[in-house]
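Taking it in order: structure first as structure tokens, then the write-up.
Here, each number is a calculation from the coordinates, and none is a lab measurement. This one's a predicted model, so the numbers in the text were calculated from it and none came from an experiment. All Cβ positions, glycine included, derive from the backbone under ideal geometry; neighbour counts span all protein chains shown.
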Amino acid sequence: MRPTLILLHGFPQDHHVWDPNMDALGKVAQTIAPDLRGFGPATDIPGVLSMEAFAEDLKALIDERDLEKVVLCGLSMGGYVALAFLERWPEHVEGLILCNTRSTADTPEGKIAREATAVDALEKGSAVIARAMLPKVLSVHTRTERPEIARSVEHLMARQRPETIAAAARGMAQRPDRTQVLREVRVPVLIITGEHDELMPLATSEAMAKAAPGAQLVVLPQAAHLSNLEATTEFDRIVTTFVQHLPDA
Ligand code: MLT
């Protein structure tokens, strides 16, 4: 049976971050890329958007579509959501792809930085956050050689609501360490990162690959934090191969 692949976007983006991957991945799986609560055109934003709340929304989506098992592919914050989901509903997961993410909680300094991001978003607006994040999410190579990607990513981040950015930053700060979830995982795991990802240094991906039994780690050259956009062809190829080799595929 054709697997279902759910693509979970990062912060502060929406499902459009997966636009370049949809055609290729759609050939191998029924591919769904939802907007996490508060992102995209949403209104009515709560004060905190927790990873657990996003995972509950994901469960509702899976129930609504009557899906028994899915492959979760989470990019950065989407990876936090995938792990929160796996912790609670492992029976619904037949494969896990973690991209440019980590299983650990924020450090105390990281939590302070989250609050600063939340306040900045609310006081200065999303465009300021987007401009500051751009050099952290795209490699120098991508920004200089493919400026159209830089423009579209900046625009994508700038159009998210300041209230959403603040609420998700505060939600990420609250997330616990979920490395144990990875240690206990019983389905195939693929970990993808970019060689220039400074937000999630290679050691964080290596630690996840070590924790998850049998996990495969792939490091994409010339990519930084948005490896699905910066190395689209390679990313799609790796995910396609992974999905095709799942036990029930
Ligand atoms: C993301 O891309 O989702 C963020 O960089 C995640 C984070 O800030 O921890």
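What to note about this one:
- For the stretch 155-249: rounded, prolate or oblate by the Cα gyration tensor [a/c cutoff 1.5]: oblate
- What the pair-distance distribution of the stretch 1-117 shows, using all Cα-Cα distances binned every 5 Å from zero, is 2, 11, 21, 25, 20, 12, 5, 3, 1, 0 percent.
- Sum of side-chain charges, Asp44 neighbourhood, beta-carbon under 15 Å (Lys, Arg +1; Asp, Glu -1): -1
- Dipole axis of the stretch 11-139 (+1 Lys, Arg; -1 Asp, Glu on Cβ), positive-most option in Ala132, His92, Phe54: Ala132
- In nm, spacing of pseudo-spin labels at Ala116 and Glu195 (7 Å Cα→C-beta vector): 3.1 nm
- FRET efficiency for Ala132 and Asp63, using Cβ-Cβ distance with R0 set to 41 Å, rounded to 0.05: 0.60
- Packing rank of 171-179, 63-71, 239-247, where each peptide gets the mean count of other beta carbons within 10 Å, highest leading: 171-179, 239-247, 63-71
- Per residue Cα convex hull volume in Å³ - calculated over the stretch 110-173: 69 Å³
- When the charge dipole of the stretch 36-188 is built from unit charges on Cβ atoms (+1 for Lys and Arg, -1 for Asp and Glu) and taken about the Cα centre, the candidate among Leu36, Ala116, Ala168 whose Cα reaches farthest toward its positive end is Ala116.
- Summing Lys and Arg as +1 and Asp and Glu as -1 over all other residues whose Cβ lies under 14 Å from the Cβ of Pro213 gives a net charge of +2.
- Assuming charge only on the beta carbon of Lys and Arg (+1) and of Asp and Glu (-1), the dipole of the stretch 1-143 about its Cα centre is about 560 debye to the nearest 20.
- Within the listed set Val128, Val17, Val181, the residue fluctuating most in the Gaussian network model of the chain (springs between alpha-carbon atoms under 10 angstrom) is Val128.
- Rg and Dmax of the chain, both derived from C-alpha coordinates alone, stand at 16.6, 50 Å.
- In the chain, taking the dipole from charged Cβ atoms about the Cα centre, the farthest positive-side position among Val17, Leu156, Thr193 is held by Thr193.
- The length gained by stretching the chain between Glu56 and Asp44 to full extension, at 0.36 nm per residue less their Cα-Cα distance, is 2.6 nm.
- Set of lysines with alpha-carbon distance to Lys27 below 21 Å, sequence-local pairs under 8 removed: Lys69
- Near-label residues of the stretch 185-205 by backbone N, under 13 Å of a point 7 Å along Cα→Cβ of Lys27: none
- Loop sites in the stretch 1-88: chymotrypsin sites (Phe, Trp or Tyr not before Pro), DSSP, at most 11 other Cβ within 10 Å: none
- Once both labels are positioned 7 Å from their Cα atoms along Cα-to-Cβ, the gap between Arg88 and Arg186 label points is 2.1 nm.
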